[in-house]
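J.: Pasting a structure here, questions to come.
The values are calculated or read from the model by the stated rules, or taken from the named source; none is laboratory data. Quick caveat, the model's predicted, so the values are computed rather than measured. Backbone-built Cβ (ideal geometry, glycine too); neighbour counts: all protein chains shown. Accessible surface is based on the protein model in full, side chains and every heavy atom, while ligands, DNA and RNA are left aside. Shrake-Rupley method; radii C 1.70, N 1.55, O 1.52, S 1.80 Å.
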Amino acid sequence: MTLSFFDQFASPTLMGIPLIAMALTLPWVLFPSPSPRWLNNRLSNLQGWFINRFTQQLFLPLNAGGHKWAVLLTSLMVFLITLNTLGLLPYTFTPTTQLSMNLGFAIPLWLATVIVGLRTQPTHALGHLLPEGTPALLIPILIIIETISLLIRPLALGVRLTANLTAGHLLIQLIATAVLVLLPLMPTVAILTATLLFLLTLLEIAVAMIQAYVFVLLLSLYLQENV
């Protein structure tokens, strides 16, 4: 029983072929494509309003150099939100519960922000490793600490997204299993547990959206330090 709870995080295969590529490609098919008409439908208008509001809030503190990242980070957030929410459907697979894939998103983007900072303003980028006014004896220790904290950033991005989604999926499966076990024994308790399951599912939908936003928000803050 313990092992079966974690089977949902295993990448599904068909005839020995991993289907994670299909899970990553499917969300793009669901997005509404631009229409040649003058007036779009409600779904396209809602999507455009959401993307415009998100881009405005996210890139407001950044200067003009950081606005070049708007398309990349906005597309990443919409993609992550879609993957996270689709993974809450029954008999589906959530690719963002895989730490390797989340690190595949986090490490290149974090490294790109660091490279941009070293290219455009190397003195300012390296100045983050040593706070101003540091005593001479503490300089080597602080440089090591700040370097470690800088290198941990992509790991923290990937682990945060993986841990939150994994914990939510496990809670949903545990409570759903409890409902099935309690239903023939104690129907009243099973109904109360099912209500809790419904509320937890709503919470997980919010968590799926918030975690995607936090992932992109932290990347934008790292970018803000380097542009």
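J.: State yes or no: is M77 buried (at least 18 other Cβ atoms within 10 Å of the Cβ) and either farther than 18 Å from H169 by Cβ or more than 16 Å from the chain's Cα centre (by Cα) (or both)?
T.: Yes, satisfied.
J.: Out of L111, L103, which single residue is open to solvent by 30 Å² or more (accessible area, probe 1.4 Å), touching a Gly at 6+ places or on another chain (Cβ under 9 Å) and either at pLDDT 85 or above or within 16 Å of E146 (Cβ to Cβ) (or both)? Write out each step before concluding.
T.: Details: L111 fails: touching a Gly at 6+ places or on another chain (Cβ under 9 Å).
After applying the criteria, what remains is L103.
J.: Report, ordered by the first and then the second residue, all pairs with beta carbons closer than 8 Å, sequence separation of six or more or different chains, a first member in the stretch 89-109 that is over 11 Å from V159 (Cα atoms), and a second member that is crowded, with 20+ Cβ neighbours inside 10 Å and of a type in the set (S, T, N, Q).
T.: That search, which allows pairs on different chains as well, returns T94/N84.
J.: Now for a separate question. Which members of the stretch 178-195 meet the condition of being in a helix (DSSP H, G or I) and surrounded by 14 or more Cβ atoms within 10 Å (Cβ to Cβ)? Talk me through it step by step, then tell me what you get.
T.: Initial filter on the stretch 178-195 (in a helix (DSSP H, G or I)): 178-182, 187-195.
Answer for the stretch 178-195, where residues must be in a helix (DSSP H, G or I) and surrounded by 14 or more Cβ atoms within 10 Å (Cβ to Cβ): A178, V179, L182, A190, T193, A194.
J.: A further question on this structure: Residue by residue through the stretch 80-98, note down the ones that are surrounded by fewer than 16 Cβ atoms within 10 Å (Cβ to Cβ) and on the phi < 0 side of the Ramachandran plot. It would help to see each step written out before you state the result.
T.: Here is the first cut: in the stretch 80-98, the residues surrounded by fewer than 16 Cβ atoms within 10 Å (Cβ to Cβ) are 89-92.
Passing the criteria: L89, P90, T92.
J.: Another question, if that's okay. So which residues in the stretch 27-73 are surrounded by 10 or more Cβ atoms within 10 Å (Cβ to Cβ), part of a loop (DSSP other than H, G, I, E, B) and modelled with pLDDT of 75 or more, if there are any at all? I'd like the intermediate steps shown before the answer.
T.: So in the stretch 27-73, the residues surrounded by 10 or more Cβ atoms within 10 Å (Cβ to Cβ) come out as 27-28, 31-32, 35, 40-41, 43-59, 61-62, 65-73.
Next, only the ones that are part of a loop (DSSP other than H, G, I, E, B) stay: 31-32, 35, 40-41, 61-62.
P61, L62 - these are the residues of the stretch 27-73 that are surrounded by 10 or more Cβ atoms within 10 Å (Cβ to Cβ), part of a loop (DSSP other than H, G, I, E, B) and modelled with pLDDT of 75 or more.
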